[in-house]
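The values are calculated or read from the model by the stated rules, or taken from the named source; none is laboratory data. Since the model is a prediction, treat every value here as computed from it, not as a measurement. Using ideal geometry, Cβ is built from the backbone for each residue, glycine included, and neighbour counts are taken over all protein chains shown. Heads up: the accessible areas ignore ligands, DNA and RNA and are worked out on the full protein's heavy atoms, side chains in. Shrake-Rupley method; radii C 1.70, N 1.55, O 1.52, S 1.80 Å.
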Amino acid sequence: MVSVKRLVLDILKPHQPNALEFSCTLAKVGDDYHVSLTVIEVDENTETIQVVIEGNNINFEAIQSAINDMSGSLHSIDVVEVQSEADKE
Amino acid sequence: MKPLNQIRFLLRITRTHGIVRRYFVVNGFDGALTMLGLIMGFVLSSSADLSVIITACLGAAIALGVSGVSSAYVSEQAELRRALGELEDAMIADLHDSAHGEATRWVPLLIALVNGTAPLIISLLIISPLWLSKAGISLFISPLYAAIIIAFLLIFLLGVFLGRVSGISWLRSGFQTLLIALATVLLIYLFAGG
């Protein structure tokens with residue numbers, strides 16, 4: 001089994017919900033998620049953000065669903081860190 | 001998310017907090033002044049039966065409520081759909097199932113309810129002395145004058161609410177709206193009193 005430990009996502013989102021609300025909602029997807037959000041670019045109606053999510057076993061589908069629910073659009077997965085069970089031993 | 005938090009969230013992402021507040025005051029004021037005008041008309045004509053006055057006021061109150069709900073729903077739905085379309089163009093994505101899509105479906109309904117219920121509730125409060133009198137409960141003054149006093153009080157309170165929203169003196173704002181009500185009464189007296 002492989003667990004996702006860290007993701008860096010490039011996302012386009014509307015101004016609302018704001019960065020704080022957006023990152024809090026993503027953090028609530030898992031029990032131990034640590035979320036760091038950086039606003040890269042601000043346009044008239046949208047902003048491009050970079051989100052770093054760290055956790056023991058990140059559920060990517062749930063993260064993607066939360067992004068879509070908040071009207072965000074996942075542009076790319078820029079960094080991934082995964083770990084297999086064998087690596088742990 | 002709890003329903004109240006969900007409503008706050010949808011209002012926040014569509015930035016419609018201020019619109020709801022504005023509709024509440026604007027249409028509430030409409031309702032209060034309409035009832036004040038009707039009752040002043042009955043005071044000056046001084047011959048109508050209480051049940052006739054109640055029916056006329058209730059008819060106007062219901063019409064104000066229905067007008068408030070329908071006009072706000074149609075206009076806000078159009079505005080929010082346009083805003084969603086612009087956002088979808090900027091995002092190059094279909095946002096129908098997102099929070100903004102949900103807000104476009106629910107926020108017009110919420111605004112319409114506020115816009116419709118504000119004049120309806122205020123009107124019903126103003127005509128409550130007429131009902132009490134018709135039910136046989138004796139008031140210290142004539143039910144029409146009691147209704148006028150309640151109308152003035154509610155108009156003052158709407159001014160107080162506006163004062164608190166804008167951060168200016170609530171007393172000054174309350175007296176400003178009260179002055180408008182007094183001017184209305186004076187105009188009715190001048191044009192219908194003779």
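Tell me, which residue of the range B:92-101 that is open to solvent by 50 Å² or more (accessible area, probe 1.4 Å) and either closer than 20 Å to A:Asp10 by Cα or hydrophobic (A, V, I, L, M, F, W, C) (or both) is nearest to the other protein chains (Cβ to nearest Cβ)? Among them, the one singled out is B:Ile92. Applying the set (1) outside any helix (DSSP H, G or I); (2) farther than 16 Å from B:Met91 by Cα to A:Glu61 leaves exactly one unmet item: (1).
Within the range B:149-180, being surrounded by 13 or more Cβ atoms within 10 Å (Cβ to Cβ) and of a type in the set (Gly, Ala, Ser) holds for B:Ala151, B:Gly159, B:Gly163, B:Ser169, B:Ser173, B:Gly174. Tallying residues that are open to solvent by 30 Å² or more (accessible area, probe 1.4 Å) and closer than 24 Å to B:Met91 by Cβ within the range A:36-58 yields 11.
Among the conditions (1) among the polar types (S, T, N, Q); (2) within 14 Å of another protein chain (Cβ to nearest Cβ); (3) assigned to a loop (DSSP other than H, G, I, E, B); (4) open to solvent by 30 Å² or more (accessible area, probe 1.4 Å), A:Thr25 misses just one, which is (3). Assess whether A:Ala66 counts as being in contact with a Leu (Cβ under 8 Å, 6 or more places away or on another chain) and under 17 Å from A:Ile11 (Cβ atoms). In short, yes.
Scanning the range B:102-120 for residues that are within 14 Å of chain A (Cβ to nearest Cβ) and either polar (S, T, N, Q) or crowded, with 16+ Cβ neighbours inside 10 Å (or both) yields B:Glu102, B:Ala103, B:Thr104, B:Val107.
Rundown of residues vs (1) within 14 Å of chain B (Cβ to nearest Cβ); (2) more than 21 Å from B:Ser98 (Cβ to Cβ), yes/no style:
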{"residue": "A:Lys5", "(1), (2)": "no, yes"}
{"residue": "A:His34", "(1), (2)": "no, yes"}
{"residue": "A:Ile53", "(1), (2)": "no, no"}
{"residue": "A:Ser73", "(1), (2)": "yes, no"}
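Restricting attention to the range A:32-47, the residues that are closer than 25 Å to A:Val82 by Cβ and under 14 Å from the mean Cα position of the chain (by Cα) total 7. In the range B:121-148, of all residues being open to solvent by 50 Å² or more (accessible area, probe 1.4 Å) and under 25 Å from the mean Cα position of the chain (by Cα), the one that is nearest to the other protein chains (Cβ to nearest Cβ) corresponds to B:Ile121. Within the option set B:Asp49, B:Asp89, being within 11 Å of chain A (Cβ to nearest Cβ), surrounded by fewer than 19 Cβ atoms within 10 Å (Cβ to Cβ) and free of Cβ contacts under 8 Å to residues at least 60 places away in the same chain holds for one residue only, B:Asp89. Residues in the range B:55-86 that are open to solvent by 20 Å² or more (accessible area, probe 1.4 Å) and within 14 Å of chain A (Cβ to nearest Cβ) were compared, and the one that is farthest from A:Asn45 (Cα to Cα) is B:Arg82.
Selection of the range B:1-18 for residues being in contact (Cβ under 8 Å) with a residue 60 or more places away in the chain and open to solvent by less than 40 Å² (accessible area, probe 1.4 Å) yields B:Phe9, B:Leu10, B:Leu11, B:Ile13, B:Thr14, B:Thr16.
Would you mind stating whether B:Gly136 is in contact with a helix residue (DSSP H, G or I) (Cβ under 7 Å, 6 or more places away or on another chain) and modelled with pLDDT under 95? Taking the combined requirement at face value, the residue does not satisfy it.
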